[in-house]
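> Take this structure first; my questions come after.
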Amino acid sequence: MLEIRNLTKRFGTVEAVKDVSITVPDGAFLVLLGPSGCGKTTLLRMLAGLELPSEGQIIFDEQTVSDGDRDWSVDPAKRNSGLVFQSYALWPHMSVKGNVEWPLKVMKMAKEERNARVQEVLDLLDIAQLADRYPNEISGGQQQRVAIARTIAPKPGVLLFDEPLSNLDAKLRVEMRTELMRLHRATGATTVYVTHDQIEAMTMASHVAVMNQGRVQQFGAPADLVERPETAFVATFVGTPPNNMVPIVKNSTGFKVGGRHMPLTPPADDCMAMFRAENMNLAEAQGETTLPMELVETSAIAGRTMVTGLRDDLRLTAIVDSPPDARIGDTVHFQLPSQPDSWFGPDGERIA
Ligand SMILES: Nc1ncnc2c1ncn2[C@@H]1O[C@H](COP(=O)(O)OP(=O)(O)O)[C@@H](O)[C@H]1O
Ligand SMILES: [Mg+2]
């Protein structure tokens, strides 16, 4: 079990991580998902023991390894965790085999056992044929595999990854995603994986913590985040395409969306309506719940068409069956369903 309890990290006046509490079972694949600067790396560095928490505890397998309240933590090398960074610094003067073997030498593993483990790990990552090459003789994707092999060689109980695929090209990224999931199944190690890419998160995770401005906005299974986002931030950060979030304006005669009166019945005067893109449509002509918008983008998505419209600050995306009979720049009528899928308050919390 991995438990993070009321964890806070301050750098001077900056609160990088704010009161984070998460518990995942052994063998979980936990993804920390959020935009740049939200505190993901800081949280991961605390898990690795590279950063001392200001407050709160980290517990691996019922053993406290960091305690910010007591200014105490177990050394990175002694806490049974392994960290893979975005930039995978391999030792340039050592061969692939030498790089992977190094942490085992540090552990003083006997030579025979060491050789067997290196071979096992090279096979697992499908890089045995590169064993005698040097880092500058292999590609970026291969270097990343070596970095991962080096990290898993000592069999850490907790594997930590900080955006490990962001330096790879798109095709390689998709391949490595599959590889990492296979590796996770093969090792059974509890994994914490940091990314700002929600597709990566949704495909790999058993558990996701969506972070924003140092706080966990929502913690749950990938499907929970899509089916029931608890905050407007989650609703617009997760999903392909993300949900439409529309401010509702009340005036003396009713409620307005994008400057047009609509027969909506919001649960509060000041709120935002969430419409899922697949529940939006295009109408032939203006109607009771349509909005005229400038067509700004269309693209094919799994046999359907994703259409984006703009009206002042309001941007809406609909998934429709066939491409609209209009060109970019034309006015099209977005059809809103008569009631939204969810309502959110002015503070971003779900209200219905
Ligand atoms: N060593 C540090 N000193 C001061 N501020 C830091 C330090 N490390 C991170 N921060 C700040 O903490 C916040 C979170 O950073 P970080 O954890 O790197 O975010 P992420 O990995 O999600 O992009 C940012 O505002 C960043 O500037
Ligand atoms: Mg980071």
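> Find all pairs meeting these conditions: Cβ atoms under 8 angstrom apart; at least six residues apart or on different chains; first residue within region 1-29 and without any contact (Cβ under 8 Å) to a residue 24 or more places away in the chain and assigned by TED's automatic domain parsing to the domain that holds GLU51; second residue buried (at least 19 other Cβ atoms within 10 Å of the Cβ) and assigned to a strand (DSSP E or B).
From region 1-29, the pairs are THR23/LEU2; THR23/ILE4.
> Identify all residues within region 36-65 that are within 16 Å of ligand 1 (Cβ to nearest atom) and part of a strand (DSSP E or B); write none if there are none. Show your work before the answer.
So in region 36-65, the residues within 16 Å of ligand 1 (Cβ to nearest atom) come out as 36-56, 58.
Selection gives GLU55, GLY56, ILE58.
> Would you check which residues across region 205-233 are crowded, with 19+ Cβ neighbours inside 10 Å and not in a strand (DSSP E or B) and list them?
Those that are crowded, with 19+ Cβ neighbours inside 10 Å and not in a strand (DSSP E or B): ALA205, GLY214, PRO222, LEU225, PRO229, GLU230, ALA232, PHE233.
> Another question about this same structure. If I ask for residues that are part of a loop (DSSP other than H, G, I, E, B) and either buried (at least 18 other Cβ atoms within 10 Å of the Cβ) or among the hydroxyl-bearing types (Ser, Thr, Tyr) (or both), which ones from region 240-265 would you list? Can you show your working first?
Let us first name the residues in region 240-265 that are part of a loop (DSSP other than H, G, I, E, B), namely 240-243, 252-253, 258-259, 263-265.
Matches in region 240-265: THR240, ASN243, SER252, THR253, GLY258, LEU264, THR265.
> When region 12-69 is examined, which residues are found to be under 17 Å from GLN213 (Cβ atoms) and among the hydroxyl-bearing types (Ser, Thr, Tyr)?
THR13, SER21, SER36, THR41, THR42, SER54
> Further, regarding this structure: Considering (1) more than 22 Å from MET202 (Cα to Cα); (2) within 16 Å of ligand 1 (Cβ to nearest atom), say which one VAL31 fails and leave the rest.
For VAL31, the failing item is (1).
> Among residues belonging to region 35-67 that are of a type in the set (Val, Ile, Thr) and over 28 Å from VAL234 (Cβ atoms), point out the one that is farthest from ligand 2 (Cβ to nearest atom). First the steps, then the outcome.
The initial filter retains those residues of region 35-67 that are of a type in the set (Val, Ile, Thr), namely 41-42, 58-59, 64-65.
From what is left, the residues that are over 28 Å from VAL234 (Cβ atoms) are 64-65.
On the way: THR64: 25, VAL65: 21 Å.
Once the filter is applied, the top-ranked residue is THR64.
> Right, another one. Would you check which residues across region 161-204 are within 16 Å of ligand 2 (Cβ to nearest atom) and in a loop (DSSP other than H, G, I, E, B) and list them?
Once the filter is applied, which keeps residues that are within 16 Å of ligand 2 (Cβ to nearest atom) and in a loop (DSSP other than H, G, I, E, B), region 161-204 yields GLU163, PRO164, LEU165, SER166, ASN167, HIS196, ASP197.
> Mind checking which residues of region 323-348 are in contact with a strand residue (DSSP E or B) (Cβ under 6 Å, 6 or more places away or on another chain) and either polar (S, T, N, Q) or not in a loop (DSSP other than H, G, I, E, B) (or both)?
THR331, VAL332, HIS333, PHE334, GLN335, SER342, TRP343, PHE344
> Here's another thing I want to ask about it. Looking at GLN119, GLN143, which one is buried (at least 17 other Cβ atoms within 10 Å of the Cβ) and either of a type in the set (Ser, Thr, Tyr) or in a helix (DSSP H, G or I) (or both)? Show your work before the answer.
Details: GLN119 fails: buried (at least 17 other Cβ atoms within 10 Å of the Cβ).
One residue alone meets the criteria, GLN143.
> Restricting region 173-200 to residues that are of a type in the set (Asp, Glu) and away from ligand 1 (no atom under 16 Å from the Cβ), which is surrounded by the fewest Cβ atoms within 10 Å (Cβ to Cβ)?
So the first thing to find is which residues in region 173-200 are of a type in the set (Asp, Glu), and the list is 175, 179, 197, 200.
Restricting the remaining residues to those that are away from ligand 1 (no atom under 16 Å from the Cβ) gives 175, 179.
Values: GLU175: 13, GLU179: 19.
That would be GLU175.
> Just checking, does region 75-98 include any residue being part of a loop (DSSP other than H, G, I, E, B), within 16 Å of ligand 1 (Cβ to nearest atom), among the polar types (S, T, N, Q) and assigned by TED's automatic domain parsing to the domain that holds ALA205?
Within region 75-98, the first condition is being part of a loop (DSSP other than H, G, I, E, B), and the residues that meet it are 75, 79-80, 85-95.
Within this subset, residues satisfying the condition of being within 16 Å of ligand 1 (Cβ to nearest atom) are 85-87.
Now narrow it down to the ones that are among the polar types (S, T, N, Q): 86-87.
Of the ones still in play, those that are also assigned by TED's automatic domain parsing to the domain that holds ALA205 are 86-87.
Scanning region 75-98, I find at least one residue that is part of a loop (DSSP other than H, G, I, E, B), within 16 Å of ligand 1 (Cβ to nearest atom), among the polar types (S, T, N, Q) and assigned by TED's automatic domain parsing to the domain that holds ALA205, so the answer is yes.
> Can you pull out every residue in region 99-122 that is under 32 Å from the mean Cα position of the chain (by Cα) and either outside the structural domain of LEU168 (by TED's automatic domain parsing) or among the acidic types (Asp, Glu) (or both)?
If the condition is that a residue be under 32 Å from the mean Cα position of the chain (by Cα) and either outside the structural domain of LEU168 (by TED's automatic domain parsing) or among the acidic types (Asp, Glu) (or both), then GLU101, GLU120 are the ones that fit.
> Additional query: Quick one: which residue in LEU125, LEU160 is away from ligand 1 (no atom under 16 Å from the Cβ) and either in the same structural domain as GLY37 (by TED's automatic domain parsing) or of a type outside the set (Val, Ile, Thr) (or both)? If you could, list the steps in order and put the result at the bottom.
Working: LEU160 fails: away from ligand 1 (no atom under 16 Å from the Cβ).
Exactly one residue qualifies, and that residue is LEU125.
The values are calculated or read from the model by the stated rules, or taken from the named source; none is laboratory data. Since we're looking at a predicted model, the values are computed, not measured. Neighbour counts are summed over all protein chains in view; Cβ atoms, including those assigned to glycine, are modelled from backbone coordinates with ideal geometry.
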